[in-house]
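A short reminder: the numbers here are calculations on the coordinates, not readings from a lab. Computed from a prediction, not measured in an experiment: that's the story for all the values here. FYI the Cβ positions are ideal-geometry reconstructions off the backbone, even for glycines, and counts take in every protein chain you see.
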Amino acid sequence: MKESQIIELAAQCGYECERAIALKLEASGREYWRLIHNSNHLVLCFLDISNGDHLEFCNLADALSSHDVNVPKVLLHSPELGITIQEDLGDDDLLEIFTNS
């Protein structure tokens, strides 16, 4: 997707942003974008609804969070648009952290 399309999707869900920066494209076809509004950052994940949904991720995030595991809080899940908007925990991922330890 283009940055302008991501900004529009976010706006449709009530999340205004000035910029959207592409992050990783996952093997599942999910696209991750960092939404920037003033100095606040969120992450939007898009998956074409014909390729699946985010329900398993949302359920897993809730389960891990209930056991005090630090996972990004899902702020919005829109199955009809194929997106989640979640907290931005930064650029480090577990694989990089364990590899560089």
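Return one number: the angle in degrees, 0 to 90 and rounded to the nearest 10, between the long axis of the Cα atoms of helix 3-12 and the longest principal axis of the Cα atoms of the chain. In the chain, helix 3-12 runs at an angle near 90 degrees to the longest axis. Using a Förster distance of 25 angstrom, determine the FRET efficiency expected from the C-beta separation of Asp62 and Asn40, and round it to 0.05. The computed FRET efficiency comes out at 0.60. Dividing the summed -39500 (n - 2.57) terms of all DSSP H runs of n ≥ 4 by the residue count of the chain sets its mean residue ellipticity at 222 nm at -8000 deg cm²/dmol.
Over the chain, the alpha carbon radius of gyration divided by the compact-protein estimate 2.2 N^0.38 Å works out to 1.08. Karplus-based coupling profile of the range 64-71, in residue order and whole Hz: 5, 4, 5, 10, 6, 8, 6, 10, with θ = phi - 60° in 6.51 cos²θ - 1.76 cosθ + 1.60 and x standing for Gly or Pro. When the Cα positions of Ser50, Ser4, Leu89 are compared along the charge dipole of the chain, Ser4 comes out farthest toward the positive end, with charges on each C-beta of Lys, Arg, Asp and Glu.
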